[in-house]
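The values are calculated or read from the model by the stated rules, or taken from the named source; none is laboratory data. Only a predicted model underlies this, so the values are computations on that prediction, with no experimental measurement involved. Note: ideal-geometry Cβ built from the backbone for every residue, glycine included; neighbour counts use all protein chains shown.
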Amino acid sequence: MSRILLGFFYAPALCLLWLTNHAVDSVQLSAPEVVTAAYGGSVTVPCQYDHQFRENTKYWCKGKIYRLCRIVVKTPKNRPSNRSFITDDKEAGVFTVTMTSLRKSDEDMYWCVIARSGTNIYAGVRLCVSHTGILQLVITTTTTTPTSSSPMAQEEIIWWTVLRWILFILILCCLVSTHIVVWRIKTARKIWPHLQFKRQSSNIYD
């Protein structure tokens with residue numbers, strides 16, 4: 001019983017931790033979700049990050065699943081990799097990836113990544129290669145910089161803050177409920193022998 005009650009307490013706590021990490025990561029690094037470029041042409045993808053990561057290594061990797069992706073190019077030395085290049089503007093808080101001579105095989109899921117101790121920060125970018133000769137960037141994620149914040153970014157931060165408070169209150173309610181249930185179980189266990197003794201005594205006198 002106690003394990004089940006602890007499970008009811010830990011589930012909201014783990015959920016709160018995951019949501020907090022997700023919200024923080026989405027604010028610390030942002031990139032276009034979808035980029036469409038012309039076949040044989042080039043494309044430039046900006047990955048905007050918080051200034052606290054100016055000295056961290058950044059890289060661009062390819063693969064549908066982040067944890068299995070293959071590094072295409074990375075900083076700090078603006079190393080080219082075949083048709084891919086990366087530059088890091090530390091003052092602006094943006095590292096930029098350029099891919100040239102695009103082929104159909106380049107069409108895939110890519111990831112802007114900031115390396116750090118513990119868990120890396122990453123943002124997914126889907127590259128579509130088109131034969132229309134039109135270059136489009138569809139940016140649907142929010143971006144923030146240390147000097148200014150867009151209204152959408154501020155709204156997102158407020159929304160996550162409210163959600164965290166709601167989850168915090170739910171966790172407190174679960175904790176209080178758990179203590180009440182445990183207290184009632186312990187009290188019932190203490191009273192039960194006395195009730196049995198009274199019943200046995202009454203049976204004897206009867």
Across region 73-125, the tally of residues that are polar (S, T, N, Q) and out of contact with any strand residue (DSSP E or B) (no Cβ under 9 Å at 6 or more places or on another chain) stands at 3
The condition of being in contact with a Leu (Cβ under 9 Å, 6 or more places away or on another chain) and at pLDDT below 95 holds, among ASP108, ASP50, only for ASP50
Going through region 89-106 in order, the residues found to be of a type in the set (Lys, Arg) and surrounded by 11 or more Cβ atoms within 10 Å (Cβ to Cβ) are LYS90, ARG103
Fill in: ARG116 surrounded by 13 or more Cβ atoms within 10 Å (Cβ to Cβ), of a type in the set (D, E, K, R), within 20 Å of the chain's Cα centre (by Cα) and modelled with pLDDT of 80 or more
yes
Being under 17 Å from GLN28 (Cα atoms), exposed (fewer than 15 other Cβ atoms within 10 Å of the Cβ), of a type in the set (A, V, I, L, M, F, W, C) and touching a residue at least 40 places away in the same chain (Cβ under 8 Å), is that true of even one residue in region 56-76?
no
